[in-house]
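Scroll down for the structure; my scribbles are underneath it.
The values are calculated or read from the model by the stated rules, or taken from the named source; none is laboratory data. Remember, predicted model here, so these are calculated numbers, not experimental data. Cβ atoms come from the backbone with ideal geometry, glycine included; neighbour counts cover every protein chain shown.
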Amino acid sequence: MSAGDFESRWLSPEVNAVWTQFLTVTHRLEQRIERRLQEHHGISHTQYEIMVRLADADGDHLRMSELAERIVTAKSAVTYQAKRLADMGLVETHKCDHDNRATWVTLTAAGRGRLEEAGPCILSLVREVFLDSLDCDQATALTKILGTLSANLDDAERPVKTQ
């Protein structure tokens, strides 16, 4: 696709409205979650997500690079947030024994405690402002739509095979 193709592909008003509404809803939801976590638990949403992924991992630890993949962000951003969490005593970081380039991040007991305190708070917010406003048919349709979008993103990220 050339640059000229982008100029000829302006969104129709109807499609632009969908895109704009999607952005508005996702940004507002993110801001609400961020504000709730900061006010009640002293952590950011990214820090919360890091701790959730660590709690879900075998042994409560992951390599920094895998952690970045799981929360869909840059490794440098995870490294920064992991350092802040380590400063709070919520995670520990250490170099991999057999690969000096790799760093492990491990959830501490204090981190698990903070996560257990914050979890119900965030889940109630997500229910209140997102899930409870959908009926079963809307939830099913949204799940299907998000699945389609996710698959499209997966396809776009796959390397093109040359023959």
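Would you pick out the residues in the range 43-73 that are out of contact with any helix residue (DSSP H, G or I) (no Cβ under 8 Å at 6 or more places or on another chain), within 24 Å of ALA109 (Cβ to Cβ) and either at pLDDT 95 or above or not basic (Lys, Arg) (or both)? Break it down stepwise before answering.
To start, the set of residues in the range 43-73 that are out of contact with any helix residue (DSSP H, G or I) (no Cβ under 8 Å at 6 or more places or on another chain) comprises 49, 56-59, 63, 66, 69, 72.
So of that shortlist, the ones also within 24 Å of ALA109 (Cβ to Cβ) come out as 49, 56-59, 63, 66.
Listed by number, the residues that qualify are GLU49, ASP56, ALA57, ASP58, GLY59, GLU66.
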**Prompt:** Does at least one position in the range 52-72 carry a residue that is surrounded by 17 or more Cβ atoms within 10 Å (Cβ to Cβ) and of a type in the set (S, T, N, Q)?
**Reply:** no
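Residues are listed down the side, and each one gets a yes or a no for (1) of a type outside the set (A, V, I, L, M, F, W, C); (2) more than 25 Å from LEU153 (Cβ to Cβ):
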{"residue": "ARG32", "(1), (2)": "yes, no"}
{"residue": "LEU62", "(1), (2)": "no, no"}
{"residue": "MET88", "(1), (2)": "no, yes"}
{"residue": "ARG101", "(1), (2)": "yes, yes"}
{"residue": "TRP104", "(1), (2)": "no, yes"}
{"residue": "ALA118", "(1), (2)": "no, yes"}
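Report yes if some residue within the range 30-38 is part of a helix (DSSP H, G or I), over 26 Å from LEU134 (Cβ atoms) and modelled with pLDDT of 95 or more; otherwise report no.
Of all residues in the range 30-38, those part of a helix (DSSP H, G or I) come to 30-38.
Adding the requirement that they be over 26 Å from LEU134 (Cβ atoms) leaves 38.
Checking the rest, the ones that are also modelled with pLDDT of 95 or more come to 38.
Yes: one or more hits.
Identify all residues within the range 88-97 that are within 11 Å of GLN47 (Cβ to Cβ) and out of contact with any strand residue (DSSP E or B) (no Cβ under 7 Å at 6 or more places or on another chain); write none if there are none. I'd like the intermediate steps shown before the answer.
The first filter runs over the range 88-97 and keeps only residues within 11 Å of GLN47 (Cβ to Cβ), leaving 88, 90-91.
Result: MET88, LEU90.
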**Message:** Cβ contacts < 9 Å: first residue free of Cβ contacts under 8 Å to residues at least 40 places away in the same chain, restricted to the range 97-110; second residue hydroxyl-bearing (Ser, Thr, Tyr), any location; separation 6+ or different chain. Result?
**Reply:** ALA102/SER65
**Message:** Looking at the range 88-126 only, could you name the residues that are at pLDDT 95 or above, among the hydroxyl-bearing types (Ser, Thr, Tyr) and surrounded by 18 or more Cβ atoms within 10 Å (Cβ to Cβ)?
**Reply:** THR108
**Fill in**
Considering residues that are more than 24 Å from LEU37 (Cβ to Cβ) and β-branched (Val, Ile, Thr), the number found within the range 119-163 is 6
